[in-house]
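One structure below.
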Amino acid sequence: MRVVLGRDDLAAAAGTAVEETGTPFERAAVRPVHKASRGFVDGTGPDLCELAVVTLLQAVAQGREVLLLPVTALGRDQHQTLVTLGRLTVEDIEGRSVGVRAWSQTTGVWVRGFLTEQYGVDLRKIDWRTYEGAHVDGCDDPSWVTRAPEGAKLPADFLDGRVGPLV
């Protein structure tokens, strides 16, 4: 069984459980872990994989056969994940270009939810710039989201000012 898990303690526990059944266990070293998500969901990658919640929900919505083992590998407050080099208020974010790795990225989903539900921000008034697609085929970015040019890198665009805040 080929397994991708980010945390060493979870991988060790999974390895012990799998090997007790007599099944060979191989931990694939994939960093960051989300790079293994697409292969897991489409059946060409590992047999067991740590998945972000949004990737799991998209896979289920697209009819993929995935089984959830509810183990929290990473839990944190998401409010601090909208980062900027300068001062930024909620009132300033509309009209800005905001970079996010992928529209489907779980952290970005949380941030958009906070902006909309807690602060009344109109998400369509933000120039959302993504750098890769969803991990699940059939889950496309909304038509009003811009894909960064091929080869563009989010950290470089942030530091060079091509995107303001980033997730």
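Every residue, every condition in (1) in contact with an Asp or Glu (Cβ under 8 Å, 6 or more places away or on another chain); (2) hydrophobic (A, V, I, L, M, F, W, C); (3) in the same structural domain as V100 (by TED's automatic domain parsing), yes or no:
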{"position": "R112", "(1), (2), (3)": "no, no, yes"}
{"position": "Y119", "(1), (2), (3)": "no, no, yes"}
{"position": "A134", "(1), (2), (3)": "yes, yes, yes"}
{"position": "G138", "(1), (2), (3)": "no, no, yes"}
{"position": "S143", "(1), (2), (3)": "no, no, yes"}
{"position": "R147", "(1), (2), (3)": "yes, no, yes"}
{"position": "E150", "(1), (2), (3)": "no, no, yes"}
{"position": "P155", "(1), (2), (3)": "no, no, yes"}
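The numbered conditions (1) touching a residue at least 40 places away in the same chain (Cβ under 8 Å); (2) surrounded by 13 or more Cβ atoms within 10 Å (Cβ to Cβ); (3) of a type in the set (V, I, T) are all true for V121 except (1). With a requirement of 2 or more residues that are under 21 Å from the mean Cα position of the chain (by Cα) and surrounded by fewer than 16 Cβ atoms within 10 Å (Cβ to Cβ), the helices (runs of 4 or more DSSP H) lying completely within region 1-113 that satisfy it span 8-19, 53-61. Criterion first (under 23 Å from P46 (Cβ atoms) and among the acidic types (D, E)) does E150 satisfy it? Considered against the rule, which asks whether it is under 23 Å from P46 (Cβ atoms) and among the acidic types (D, E), E150 comes out as no.
Being of a type in the set (V, I, T), closer than 29 Å to V60 by Cα and touching a residue at least 60 places away in the same chain (Cβ under 8 Å) narrows it down to one residue among V163, V145, V109, V167; which is it?
On the way: V163 fails: closer than 29 Å to V60 by Cα; V145 fails: touching a residue at least 60 places away in the same chain (Cβ under 8 Å); V109 fails: touching a residue at least 60 places away in the same chain (Cβ under 8 Å).
So the residue among V163, V145, V109, V167 that is of a type in the set (V, I, T), closer than 29 Å to V60 by Cα and touching a residue at least 60 places away in the same chain (Cβ under 8 Å) is V167.
The values are calculated or read from the model by the stated rules, or taken from the named source; none is laboratory data. Everything numeric in this text was worked out from a predicted model, so none of it was measured. Backbone-built Cβ (ideal geometry, glycine too); neighbour counts: all protein chains shown.
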